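Values quoted throughout were computed directly from the atomic coordinates according to the rules given, and no laboratory measurement underlies them. Note that this is a predicted model, so its numbers are computed, not measured. Cβ atoms come from the backbone with ideal geometry, glycine included; neighbour counts cover every protein chain shown.
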Ligand SMILES: [Zn+2]
Ligand SMILES: [Zn+2]
């Protein structure tokens with residue numbers, strides 16, 4: 001019996017209860033799949049040793065097709081960047097890396113959320129068993145108002161960096177920023193392979209082009225249905241519906257049982273690409289027995305079902321029909337390939353040309369067309385520069401800016417700053433999106449500007465021009481009911497969403513002691529034969545990205561920025577002769593963001609006097625002690641300024657030696 005089989009049997013024996021057949025079967029099934037596809041050309045060469053280096057080095061074992069014959073996922077991948085020769089080399093190197101691990105089999109599974117709990121954004125979960133760590137998703141978050149100047153927030157991955165040799169790979173569920181956005185930063189610290197579907201990897205590649213990694217990252221494409229080997233674990237990608245094409249959930253087959261991570265999902269029984277969420281496979285896994293379900297929580301407070309993407313198409317069709325005399329400007333998420341496809345379809349149907357505005361929209365449509373996720377009839381797309389050559393009623397403009405982003409094409413159009421497209425009251429603007437929490441004001445600003453200019457705006461408040469990409473309560477219940485996990489952990493949401501999801505799990509019959517809600521990143525959920533519990537923690541949290549700096553903006557810098565933003569800055573400059581212990585020039589006062597200097601000359605003169613006295617007194621008391629002088633200036637001046645103005649600017653004494 002191979003080591004793996006022993007592991008599986010152990011896992012199987014420990015298996016419980018609740019009418020679930022043991023998990024070992026799923027493992028064996030996955031094993032069989034792997035073995036089947038590893039056989040070259042159907043030769044009957046049984047796999048005796050899954051840990052055998054030679055087979056892995058041959059490249060066949062690393063990626064296994066489960067249901068589509070023997071073609072490996074790598075071979076089916078995005079072809080543009082690498083020649084066949086390069087690809088083979090990458091696969092061999094990769095196979096060897098997987099292969100050398102020895103599974104210790106201490107029987108404890110550790111689930112480590114590194115992002116996405118208690119927040120919307122930067123989703124990342126590490127799953128650890130024995131010597132293997134597998135990471136699911138690697139997203140970013142956008143900064144809060146209390147992070148002035150910060151561009152992005154990424155997860156703290158120091159635990160993974162420390163354990164780099166054990167990290168078998170990062171699996172991406174789909175191509176949204178909150179799942180892939182931190183990849184360029186994390187790959188700078190962590191040289192591990194990344195797996196995702198074609199569109200997901202395509203978007204990651206585009207992002208990586210803007211960064212210069214010091215090495216060629218290993219990106220592998222998979223298809224829904226693929227099973228990949230990651231040390232002693234196997235990951236199975238399963239198709240789901242979401243607001244981006246090619247989204248998957250992941251069943252991670254571990255020696256302790258199946259960990260099922262939903263990623264982001266919804267149930268769309270009439271999706272645009274015709275591919276419904278793979279409920280059959282999800283149900284099979286549930287029947288085989290799932291140890292732990294990590295389930296997204298975004299819409300756990302919303303009743304019912306999320307409507308199909310197709311309802312947006314019907315709504316758009318009606319708007320196109322009723323507004324044949326108008327130019328249509330439609331803003332949506334660039335990543336929502338199916339939405340854009342529907343806009344293109346409606347435009348073609350009503351004889352309109354489509355101009356694409358905004359860099360990310362141009363990029364994504366380009367990538368989606370290249371990869372076959374979108375079809376555009378010949379002659380429909382036109383350059384935004386040519387919009388004015390057509391009558392308004394012959395044109396649809398698809399644009400970025402649905403979140404009110406100040407540099408976006410829609411923003412520039414709304415404020416008459418777009419040099420190719422000028423809006424007039426005979427245009428109709430459609431916001432085919434809902435504002436992500438935090439963006440409402442920005443979106444409102446655009447709507448107000450448009451309305452002020454006499455332009456009619458349609459948004460999801462007045463028409464069905466948007467549907468969510470996330471499962472509402474009934475869909476979450478369906479997922480929980482199909483997967484029937486022993487343990488449940490809500491992920492992907494703020495506290496309120498996580499607890500709402502916990503309520504659903506309990507409603508579905510999962511005992512509350514088997515539901516684990518954590519809002520503390522890094523807190524480890526341990527599962528072994530004896531049960532599940534939170535135990536210990538690893539470093540986790542926010543790493544702030546500001547310009548080229550990653551992680552160099554910490555709490556001290558943020559506190560200073562907030563202070564500066566609130567009450568401004570006072571710089572006090574004086575020169576002291578250390579020999580004679582007296583002030584030889586100054587103090588001069590420079591202020592920024594504190595008061596309007598011209599109206600406050602008298603007060604600032606007094607402030608100079610206060611600083612002068614403070615330095616002199618410090619000199620009298622303790623000689624030429626620079627720290628004492630600075631402290632004295634800060635103390636006296638802040639008291640004086642607060643009394644004079646009610647403000648507490650940051651005070652920066654600069655005392656020079658003659
Ligand atoms: Zn998503
Ligand atoms: Zn998400």
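In whole angstrom, note down how far apart the Cα centers of region 464-536 and region 296-336 are. About 28 Å separates the Cα centre of region 464-536 from the one of region 296-336. Among 248, 295, 624, 472, a tally of other beta-carbon atoms within 10 Å of each Cβ gives an order, fewest to most, of 624, 472, 295, 248.
Extension gain for residue 584 to residue 631 (0.36 nm times residue separation, less C-alpha to C-alpha distance): 15.0 nm. Exposure proxy ranking for 642, 596, 373, based on other Cβ atoms within 10 angstrom of each Cβ and starting from the fewest, stands as 596, 642, 373.
Per-peptide packing, taken as the mean over residues of other Cβ atoms within 10 Å, places 325-337, 407-419 in the sequence 325-337, 407-419 from highest down. Judged by the mean number of other Cβ atoms found within 10 Å, the most tightly packed of the peptides 249-256, 140-147, 612-619, 190-197 leads the ranking 249-256, 190-197, 612-619, 140-147. For the pair residue 507 and residue 575 in one chain, pulling the backbone fully straight at 0.36 nm per residue adds 17.2 nm over the alpha carbon distance. Can you classify region 163-278 as rounded, prolate or oblate using the Cα gyration tensor, where a ≥ b ≥ c are the square roots of its eigenvalues, rounded means a/c under 1.5, and otherwise it's prolate if a/b beats b/c and oblate if not? Since a/c reaches 1.5 but b/c is at least a/b, the shape of region 163-278 is classed as oblate. Packing, as the average of other Cβ atoms within 10 Å across residues, places the peptides 230-237, 434-441 in the order 230-237, 434-441, highest first. For a modelled paramagnetic label at residue 658, 7 Å from Cα along Cα-to-Cβ, the residues of region 566-600 in reach, with backbone nitrogen under 18 Å, are 573-588. Distance from the C-alpha centroid of region 141-176 to that of region 612-658: 43 Å, rounded to the whole angstrom.
Going from the residue with the fewest nearby Cβ atoms within 10 Å to the one with the most, 487, 499 rank 499, 487.
If you take the Cα centroid of region 278-294 and the Cα centroid of region 396-455, the two points sit 43 Å apart.
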